[in-house]
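J.: Starting off with a structure, shown below.
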Amino acid sequence: MPTDDGAVLSFGSISTAGQAFASGTLRLSKAGFAWRAKESTRTITVSATDLLKVEWLRGGRGHQLKLSLRGGSTLRLEGFRSSDFTTIGEFVSQQHGKTLTRVNQACRGWSWGELDVTSGAASNLIFRTGGGNNVKTKALQFEEAFEIPLGKVANVQLPGNGKELALDFHVDDTAGKMEEELVEMRFYIPEEEDAKKVYEQVKTRADTSAFAGESLCSFLHMGVAVPRGRYDVDMYANYIKLRGRAVDFKILYSSITRLFLLPKPDNIIVSFVMSLDPPIRQGNTMYPHLVFQFDTEEKTSVDLPISAEDLAKKYKSKLNETESGYTWRVFSKVLKNLSATPLHVPKTFKSSEDGSGVRTALGANEGFLFFLETCCFFVNKPPTYIRYDDIDYVEFRRMDLERRFDLFIALTTGTNQTLLFTNIERSDFEPIFSFLHESKKVPVEGAEQLKRTGGRQQVRMVDGDDDSESDDDDFDPNAQEKEAASESSSDSEPEMIDEDDDVASKPPRKKKKGE
């Protein structure tokens, strides 16, 4: 219930409406309006001198208060009850000399209508749809469905056939964990000329300052496994841009949470993973991880138009005016330093074939599971990030088979509580078991028995034949490792970046046929 304390009204559980949803407390006084969030330090204040109009309408979570301000901007607050109309109306009339008016709204739920871009210092994009028929003329009347302040728009583009208007919004870094926020919206405009007209209007009024500036370097025709396609990649001072045939992505460096450089055991391909929060969206699909693919022998050279002073001060002399060498090395080094994001690489784990990962399958998707120092990562589809601290326990399954086994992982957090990696080579049991159980202290089901038997289990007799007796007796989990040590092969993986070091320049060598 609101309380009237002299010249002050207070309302609890009032949320912001529009791009972001967050609950908080609203106070009305003679000086103006003040809203404070519950789960963060975010506050919104409106001075009485900036208040032009106060309107009352229905919202998604109760009744809504719309404040029209000088300069053309608006503020919407919702969560009011119908009985609050009289209380607020009397207050703004006495304290601010304004009349609280009810607004007619489009309430038929139609998803088509008309777009209008208002003029002024703080422009809005207004969407109107059918609200009813004119009694006299019988013509369809359009009424306002919602409006978007263009100052919240960070990027606008016309993807696809040029008839779709895509808007990306600025993300509030101060928002609480439970707060909701609109990050993207799309409109379909049947006429291409009309779409271009609205695009130009929004582009000139949107706040694209975060995406301003000139490109520092570009990488052309980059192979990307997730989302699949080929993209030209441009790196700017504050963001990275991916330009594809049908869609473009602009990603702020502040949205990049982690980088991973993962050499596949064949020594031919290196996967580079970029983790994002918030993720990018293509249609209805969210992509929290982007997976780039590099040929280990491809080379490139880029010139960075950065002053020597900035290279020394801002980037701590970790970048040079010209970066050249293997493409995977140059790309990861430049992006790591421009975004100031940690780069994670495999260090201590080695499979039976001296690789940093093992071949396996997650569901119906084949790929590679890499074991890093603080996590393991599966590529390519779906890219799966697993922190060791989030693992409840692991279990080695189908250990009665001669050639392969499965790795079951139970998690304590996340939407996918369990993961099953299948068809891992039997020779990789010992390296994985030792790394997880002894090095990373991850709980393993039946660890003592597995440690005692080396993963060997009695194979069931099938049709009266016991084909496993000699195999089990002669099985040595270290046999392949010993054999590899005796060979004179000089194959090795590409040298990776340490988490805090630059990329090593030693090139990898492809395996020759028959090796």
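J.: Can you pull out the residues in the stretch 373-398 that are aliphatic (A, V, I, L, M) and out of contact with any helix residue (DSSP H, G or I) (no Cβ under 9 Å at 6 or more places or on another chain)?
T.: Step one: of the stretch 373-398, the residues aliphatic (A, V, I, L, M) are 379, 386, 391, 394.
Answer for the stretch 373-398, where residues must be aliphatic (A, V, I, L, M) and out of contact with any helix residue (DSSP H, G or I) (no Cβ under 9 Å at 6 or more places or on another chain): 379, 386.
J.: Residue 326: closer than 27 Å to residue 170 by Cα and either without any contact (Cβ under 8 Å) to a residue 60 or more places away in the chain or open to solvent by less than 60 Å² (accessible area, probe 1.4 Å) (or both), yes or no?
T.: On the way: closer than 27 Å to residue 170 by Cα: no; either without any contact (Cβ under 8 Å) to a residue 60 or more places away in the chain or open to solvent by less than 60 Å² (accessible area, probe 1.4 Å) (or both): yes.
In short, no.
J.: Among all residue pairs at least 6 apart or on different chains, which show Cβ distances below 8 Å where the first residue, located in the stretch 296-314, is touching a residue at least 12 places away in the same chain (Cβ under 8 Å) and the second is of a type outside the set (D, E, K, R) and loosely packed, with under 12 Cβ neighbours inside 10 Å?
T.: Pairs found: 301/322; 302/322; 303/322; 304/322.
J.: Hey, another quick one. For residues in the stretch 31-62 being at pLDDT 85 or above and open to solvent by 90 Å² or more (accessible area, probe 1.4 Å), which is nearest to the chain's Cα centre (by Cα)?
T.: 36
J.: Looking at the stretch 347-373 only, could you name the residues that are at pLDDT below 90 and under 23 Å from the mean Cα position of the chain (by Cα)?
T.: Within the stretch 347-373, 363 is the sole residue that qualifies.
J.: Considering only the stretch 390-447, state which residues are closer than 20 Å to residue 375 by Cβ, touching a strand residue (DSSP E or B) at 6+ places or on another chain (Cβ under 7 Å) and open to solvent by 50 Å² or more (accessible area, probe 1.4 Å).
T.: Of everything in the stretch 390-447, those that are closer than 20 Å to residue 375 by Cβ, touching a strand residue (DSSP E or B) at 6+ places or on another chain (Cβ under 7 Å) and open to solvent by 50 Å² or more (accessible area, probe 1.4 Å) turn out to be 392, 393, 395, 412, 417, 418, 420, 443.
J.: Any chance you could count how many residues in the stretch 403-431 are closer than 22 Å to residue 265 by Cα and not in a strand (DSSP E or B)?
T.: 7
J.: Just to be sure I understand, how many residues within the stretch 168-185 are modelled with pLDDT of 80 or more and within 14 Å of residue 249 (Cβ to Cβ)?
T.: 2
J.: Pick out the one residue from 254, 324 that is outside the structural domain of residue 369 (by the TED database) and either closer than 18 Å to residue 217 by Cα or charged (D, E, K, R) (or both). Talk me through it step by step, then tell me what you get.
T.: Working: 254 fails: either closer than 18 Å to residue 217 by Cα or charged (D, E, K, R) (or both).
Residue meeting the stated conditions: 324.
J.: Looking only at the stretch 375-387, filter to residues that are open to solvent by 20 Å² or more (accessible area, probe 1.4 Å) and either charged (D, E, K, R) or in contact with a Cys (Cβ under 8 Å, 6 or more places away or on another chain) (or both); which one of those is nearest to residue 227 (Cα to Cα)?
T.: Going through the qualifying residues, I end up with 381.
J.: Continuing with the same structure: Hey, could you check the stretch 250-268 for residues that are open to solvent by 10 Å² or more (accessible area, probe 1.4 Å) and touching a Pro at 6+ places or on another chain (Cβ under 8 Å) and say which is nearest to residue 158 (Cα to Cα)?
T.: Ranking the qualifying residues of the stretch 250-268, first place goes to 255.
J.: Hey, another quick one. Select from the stretch 22-39 the residues that are out of contact with any Asp or Glu (no Cβ under 7 Å at 6 or more places or on another chain) and under 25 Å from residue 180 (Cα atoms) and list them in ascending order.
T.: Our first condition is that a residue be out of contact with any Asp or Glu (no Cβ under 7 Å at 6 or more places or on another chain); within the stretch 22-39, this holds for 23-38.
Across the stretch 22-39, the qualifying residues are 23, 24, 25, 26, 27, 28, 33, 34, 35, 36, 37, 38.
J.: Here is a further query. So which strands (runs of 3 or more DSSP E) are wholly in the stretch 227-341 and hold at least 2 residues that are closer than 20 Å to residue 167 by Cα, modelled with pLDDT under 90 and touching an Asp or Glu at 6+ places or on another chain (Cβ under 9 Å)? I'd like the intermediate steps shown before the answer.
T.: Details: elements: 229-235, 239-243, 248-252, 256-263, 269-282, 285-295, 299-303, 322-326.
Of the strands (runs of 3 or more DSSP E) lying wholly inside the stretch 227-341, those with at least 2 residues that are closer than 20 Å to residue 167 by Cα, modelled with pLDDT under 90 and touching an Asp or Glu at 6+ places or on another chain (Cβ under 9 Å) span 239-243, 269-282.
The values are calculated or read from the model by the stated rules, or taken from the named source; none is laboratory data. These figures come from a predicted structure and were not determined experimentally. Heads up, the Cβs are rebuilt from the backbone with ideal geometry, glycines too, and the neighbour counts pull from every protein chain shown. To get the accessible areas, we keep the full protein, side chains included, count just its heavy atoms, and leave off ligands, DNA and RNA. Shrake-Rupley method; radii C 1.70, N 1.55, O 1.52, S 1.80 Å.
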